[in-house]
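**Q** Following this message is one structure expressed as structure tokens.
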Number of protein chains: 2
Amino acid sequence: MSKTVLFKNRPAGKPATSDFEIINEKIPGPGEGEVLLKAHYISVDPYLRGRMRDEESYIPPFKLDEPMESMVVAEVIASKNHNFEEGEFVSGMLKWKELQTSGGTGLNRVDAELAPPSAFLGVLGLTGLTAFLALDKIGKLRAGDTMVVSGAAGAVGSIVGQIGKIKGCMVVGIAGSDEKVRYLEEKLGFDKGINYNTTEDMETVLRQVCTDGVDVYFDNVGGEILDAVLQVINKDARIINCGAIAHYNETEIPTGPRPEGILIKKTALMQGFLVRDHVKDFGRALRQLSLWLEEGKLEYDETIVEGFDKLPEAFLGLFEGRNVGKMVVKV
Amino acid sequence: MSKTVLFKNRPAGKPATSDFEIINEKIPGPGEGEVLLKAHYISVDPYLRGRMRDEESYIPPFKLDEPMESMVVAEVIASKNHNFEEGEFVSGMLKWKELQTSGGTGLNRVDAELAPPSAFLGVLGLTGLTAFLALDKIGKLRAGDTMVVSGAAGAVGSIVGQIGKIKGCMVVGIAGSDEKVRYLEEKLGFDKGINYNTTEDMETVLRQVCTDGVDVYFDNVGGEILDAVLQVINKDARIINCGAIAHYNETEIPTGPRPEGILIKKTALMQGFLVRDHVKDFGRALRQLSLWLEEGKLEYDETIVEGFDKLPEAFLGLFEGRNVGKMVVKV
């Protein structure tokens, strides 16, 4: 018997625990060529909100009454697939189930010597890859650049800022509490953190902090913080649109100041980024991220929520900023 | 004696003829190393509106009580500079004066065999360069792409669309009258023209016309047309923010639907373009544009307003769409 989280209701606006249902079901043993997997860590990510909408996007929407899915680190507990042995750890896009079978496609072996298994959902998973490759493809950091990152204490943001420091940038992080600001400045080595919840005039504060203007803005939130940053960008600035968590629960496209005038004046660039488009660069990125980890240049934190049943709650917590670093559920 | 157009008043909102004054003044003969120039064609351009604001930008603002300036084609009528001979035609950033002296810096000789002098303010001037280089640097056209251009019957837009056809794209032009639409379709070879003044739902019309979606949008206007195009862009679309004439007379930053959500979903790019940043590519671009002209692949039209005194009126006419192709004043 295994628990499964089903998607039961498409939320309008903010999702609630009632949009999910946890059921018990019997899982068959692995068929020929299959493995039986036991989930150890399950990733919860803001982008999953998008899959709860019934609209065409870069990944298909979740189906009602079907299991949720995300990146999972799991243990092979039985194998009829010669590529995988019992006791091995793998990661992959899997269902929110305690136990499940898989044909093995899309599963990657997890190197337990490099980092604890949960790290393969974060710094060595899609979030680390997102941070690295978005900066590589769009940010094009140069030593001496000023980089601002929002959602700075989050999974992607915390890696982005540290890569900025490795590359010799002045790094400013925007986050939602004084505790997170201290974390950025004291633990991750950001030059400065800004608490958006206690900042009345973000543009003025950014102008004070970024005395040389802003060359790169790594945007995880969208909305008014983006508006403020646009007012202080330098010529040829690069804005990476990586997330817009401020809008994920909106039911209509929100309005704001139009950016085209500033983009022209500053010959600046805004570009959307999806890590899935860059699979061919994953190997190179993971080698660099692993190296920085081994060299002690990269810190990572996790917010680990214990218990399979807490999956819906942990996911909802992302929209209230309850995480520092990567949010994962330990089964 | 020579007439000069002075800038007399910084307009809030739409400029008026009363913001200018035409005076008579005595012009001295050329000093040592100087030439005396007689203006033949003076360019009026939407971007000049930006220089009428007292704010930092990519070129300094016009000063009150000083002459206006823009690109001018002039004849050397007296020369004490060994680089220029009497009777030669040159182009350069010059004052709005019938006669003026110049030290010669920034003046380029005009090749009368290639095209009539006024063309050096248009297809072989900054507008042709803008069209070519913005497509080259940001648009990255591929045969089979669908490209939409706004301000399509204007100076830049009319060249943009024709380059799109040369590159094998499906080209859709948006303009402000049925006459302009016919001009695009019948004279310039656009696949389709759309009259925004008689189109109620631009998004729906774009969806009907661009059955394969939009890969490149060359934006000369900003505002609601940009909003509509964003709704129909394809994955990895490129949006060139080249102009925002819809906003040039606005006193506050206009608001509209926020683009960041769409940019992420489509991994699309919006990038501002200023031709002045690409001076090192001017030679290559002019060689290609000249070649296309000679091969008969590029048509260009001009709206020629006769009379030096009409400079302010011709400039104001740009904001009412009074031009087809490049607007110039013949002195």
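**Q** Once the Cα atoms of the stretch B:285-331 are picked out, what are the Rg and Dmax in Å?
**A** Expressed in Å, the Cα Rg and Dmax of the stretch B:285-331 come to 13.6, 37.
**Q** What distance in nm separates the simple spin-label points at B:ILE77 and A:ASP309, each placed 7 Å from Cα in the Cβ direction?
**A** Using points 7 Å along Cα→Cβ, the separation is 9.4 nm.
**Q** Take B:LEU298, B:LEU48 and order them by how many other Cβ atoms sit within 10 Å, fewest up front. If you can, show how the numbers build up before the last one.
**A** Working: B:LEU298 23, B:LEU48 19.
With the sparsest Cβ surroundings first, the list reads B:LEU48, B:LEU298.
**Q** Output the relative contact order of the stretch A:127-276, whole-number percent, from Cα pairs under 8 angstrom with separation of 6+ residues.
**A** For the stretch A:127-276, the relative contact order is 22 percent.
**Q** Specify the longest stretch of chain A that does not include any exposed loop site, a site being one of the GluC sites (Glu not before Pro) with a non-H, G, I, E, B DSSP assignment and at most 12 other Cβ atoms within 10 Å.
**A** The answer is A:114-199.
**Q** Order of A:265-273, B:141-149, B:273-281, B:239-247 by packing, highest average Cβ count within 10 Å first?
**A** B:239-247, A:265-273, B:141-149, B:273-281
**Q** Given the C-alpha atoms of the stretch B:193-331, compute the convex hull and give its volume per residue in Å³.
**A** Details: hull volume 24.3 nm³, N = 139.
Taking the convex hull of the Cα positions in the stretch B:193-331, it is 175 Å³ per residue.
**Q** What is the ratio of the Cα radius of gyration of the stretch B:48-108 to 2.2 N^0.38 Å, with N the residue count, to two decimals? Don't skip to the answer; put the middle values down first.
**A** On the way: Rg = 13.6 Å, N = 61, 2.2 N^0.38 = 10.5 Å.
My calculation over the Cα atoms of the stretch B:48-108 gives 1.30.
**Q** Quick one: Debye curve from the alpha-carbon atoms of chain B only, equal weights, vacuum; give me log10 I(q)/I(0) at q = 0.08, 0.09 Å⁻¹ to two decimals.
**A** -0.38, -0.48
**Q** Gap in Å between the Cα centre of the stretch B:81-147 and the Cα centre of the stretch B:206-260?
**A** About 28 Å separates the Cα centre of the stretch B:206-260 from the one of the stretch B:81-147.
**Q** Could you pull the Rg and Dmax for the stretch B:126-276, using just the Cα atoms, both in Å?
**A** Rg and Dmax of the stretch B:126-276, Cα atoms, are 14.0, 40 Å.
**Q** Can you give me the relative contact order of chain B as a percent, contacts being Cα pairs under 8 Å and 6 or more apart?
**A** Computed over chain B, the figure is 18 percent.
**Q** Further, regarding this structure: Quick one: if the Förster radius is 25 Å, what FRET efficiency do B:GLU185 and B:LEU114 give, using the C-beta to C-beta distance and rounding to 0.05?
**A** Once the sixth-power term is evaluated, E becomes 0.35.
**Q** Spin-label point model (7 Å from Cα, Cβ direction): what's the A:GLU294 to B:THR105 distance in nm?
**A** 5.6
**Q** Averaged across A:267-279, how many Cβ atoms of other chains sit within 10 Å of each residue's Cβ atom?
**A** The mean count of partner-chain Cβ atoms within 10 Å per residue comes to 5.
**Q** Also: Indicate, rounded to the nearest 5 percent, the antiparallel portion of the DSSP beta bridges found entirely in the protein assembly as shown. Let's see the in-between values first.
**A** Numbers: 70 of 124 bridges.
Percent antiparallel among DSSP bridges in the protein assembly as shown is about 55.
**Q** Another question about this same structure. Placing a label point 7 Å from Cα toward Cβ, how far apart in nm is A:ASP201 from its equivalents in the other copies, listed shortest first to one decimal?
**A** Taking the point 7 Å beyond Cα along Cα→Cβ, the inter-copy spacings are 4.4 nm.
**Q** Another question, if that's okay. What Kirkwood Rh does the stretch A:113-201 have if only Cα atoms enter the pairwise 1/r average? Answer in Å.
**A** Taking the inverse mean of 1/r over all distinct Cα pairs, the stretch A:113-201 comes out at 13.3 Å.
**Q** So, one more: Restricting to Cα pairs below 8 Å that are 6+ residues apart, what does the relative contact order work out to for the stretch A:1-153? Please round to a whole percent.
**A** 23
**Q** Once a ≥ b ≥ c are taken as the square roots of the eigenvalues of the Cα gyration tensor of the stretch A:1-151, is the result rounded (a/c under 1.5), prolate (a/b larger than b/c) or oblate (a/b not larger than b/c)?
**A** Cα axes put the stretch A:1-151 in the oblate bin.
**Q** Then there's this: Could you pull out which residues in the stretch B:1-36 have an amide N less than 15 Å from a spot 7 Å beyond the Cα of A:ASP201, following the Cα-Cβ vector?
**A** It comes to no residues whatsoever.
**Q** Still on this structure: Mind checking the angle between helix A:155-166 and chain A's longest principal axis? C-alpha axes, 0 to 90 degrees, to the nearest 10.
**A** For A:155-166 against chain A, the angle is about 50 degrees.
**Q** For chain A, what is the mean residue ellipticity at 222 nm derived from helices alone (per DSSP H run of n ≥ 4: -39500 (n - 2.57); sum divided by total residues; nearest 500 deg cm²/dmol)? Can you show the working numbers first?
**A** On the way: 9 runs with 72 residues, N = 331.
Value at 222 nm, helices only, nearest 500: -6000 deg cm²/dmol.
**Q** In addition: Across the stretch A:127-276, how many lysine pairs, 8 or more apart or on two chains, come within less than 24 Å at their alpha-carbon atoms?
**A** The result is 24.
**Q** On to the next question. For the stretch B:1-63 and the stretch A:165-205, what is the centre-to-centre distance using only Cα atoms, to the nearest Å?
**A** What the calculation gives is 46 Å, centre to centre.
**Q** Wrap a convex hull around the Cα atoms of the protein assembly as shown, take a quarter of its surface area, and give that in square nanometres.
**A** Mean orientational projected area (the protein assembly as shown, Cα hull): 32.8 nm².
The numbers here are math on the coordinates, done by the rules we state, and not lab data. Keep in mind that this is a model prediction, so the values were computed, not measured. Cβ coordinates were reconstructed from backbone atoms using ideal geometry, including for glycine residues, and neighbour counts include every protein chain displayed.
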